1. Alpha carbons only, please: Rg and Dmax for segment 168-261, in angstrom.
2. Which residues make up the longest stretch of the chain that has no GluC sites (Glu not before Pro) in a DSSP loop with at most 14 other Cβ atoms within 10 Å?
3. For segment 208-341, rounded, prolate or oblate, judged on the Cα gyration tensor with a ≥ b ≥ c (square roots of eigenvalues), a/c < 1.5 rounded, else prolate if a/b > b/c?
4. Label points 7 Å out from Cα along the Cβ direction at I272 and Q179: separation in nm?
5. So what is Rg over Rh here for the chain, counting just Cα atoms and using Kirkwood for Rh?
6. Binning at 5 Å from 0, report for segment 14-86 what percent of all alpha-carbon pair distances ends up in each bin.
7. Roughly what % of DSSP beta bridges within the chain run antiparallel, to the nearest 5?
8. Within segment 212-320, which chymotrypsin sites (Phe, Trp or Tyr not before Pro) sit in a loop by DSSP and count at most 11 neighbouring Cβ atoms inside 10 Å?
Amino acid sequence: MTTTRTPRTPRPAARPKRRAAHRLALLESMVRVRRFEERCVELYSAARIRGFMHLYIGEEAVAVGVNESLTDDDAVVSTYREHGHALARGVPAEAIMAEMFGKATGCSRGRGGSVHLFDAGRRFYGGNAIVGGGLPLAAGLALADRMTGRNRVTCCFFGDGAFAEGEFHETANLAALWQLPLLLVCENNLYAMGTALARHQAQTDLALRAAAYGMVSWAVDGMDVFAVEDAARRAAEGVRAGTGPHFLEMRTYRFRAHSMYDSDRYRDKAEIEHWKERDPVEGLARRLQDAKELSDKARTALEDRLAAEIDAAVEAAEQAPEEPVEDLLKYVTSPVEVTRP
């Protein structure tokens, strides 16, 4: 792990003692995300899912590792590449798949689709189709917690492309100025849509740039779920301790194109294959197999269980009702008029 330290960086927190059950749970969470996304490719290719869709394949360690550091009372704000974040947060695959199908049983009642997953009960506040659009929302949630004295963390995921947006710099400045309980997680997969990082950022060390705002910042191997979990836990502990916002640059890679509409001609195939050698899912599986914690039989059982879970989610989505036409204007405006003082 490459570390960019500031004078305010706390001493590293002790790593949690991971038991075999926890390591296996991390693998299961990552495999669930991978298989869900692969099924979405099949469904989209068969025109059973429509609209825009951005896959998380290759970045599973980030979503799973970061969510391990959060409590149920914390908040998560995501991007349009959020299927993995939602699954790792605990949003059921059935509710997500129904949303992909545009059904009323979806987590956003079928109104948001792939890029607008939402689950207030799990404090998962989107899914946002605007690049960097979740950052000021996250700052608002964190500000509310600070003003009301709630010791909670708001975690905001965003990509390296959002680093070029004004929303990031405004949010980073105010978060540091007001010492907001905000954890900023930049998923640096080296490409903002089809533009390589070095072609749109003069300084490609994003953790170094974030540190200029006076927040604790460092870079993490985003292909290693243990490294991600350790870094996120340490950062979340720092935020809870009142040391202000923390920034993590997760150095990761998406194995698929930017979206299902993307021909992916801007990346060298050798580069993609190089990163696939560091596949976070298979890498963890090999480590567990080498440690005699995962047998071939147990891996097969895991795959079968998750396949059945996803099959059930697809079947439920297909059988779920469409929202009635007469309800389409529901929730567009508030049902109760607000009385202003």
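1. 14.0, 44
2. Values: sites that count: E277, E322, E337.
With a cap of 14 other Cβ atoms within 10 Å, the longest stretch comes to 1-276.
3. Working: a/c = 1.73, a/b = 1.16, b/c = 1.49.
Verdict is oblate for segment 208-341.
4. Result for the modelled spin labels: 4.8 nm.
5. With Rh from the inverse mean 1/r over Cα pairs, Rg/Rh is 0.96.
6. 3, 14, 22, 21, 17, 11, 6, 3, 2, 0
7. Of those bridges, close to 10 percent are antiparallel.
8. Numbers: sites: Y213, W218, F226, F247, Y253, F255, Y261, Y266, W275; in loops: Y213, Y253, F255, Y261, Y266.
The qualifying sites are Y261.
The values are calculated or read from the model by the stated rules, or taken from the named source; none is laboratory data. None of these values were measured; they are calculated from a predicted model. Methodologically, a virtual Cβ is constructed for each residue, glycine included, from the backbone with ideal geometry; neighbour enumeration extends over all protein chains shown. Areas reflect the complete protein model, heavy atoms only, side chains present, ligands, DNA and RNA absent. Shrake-Rupley method; radii C 1.70, N 1.55, O 1.52, S 1.80 Å.
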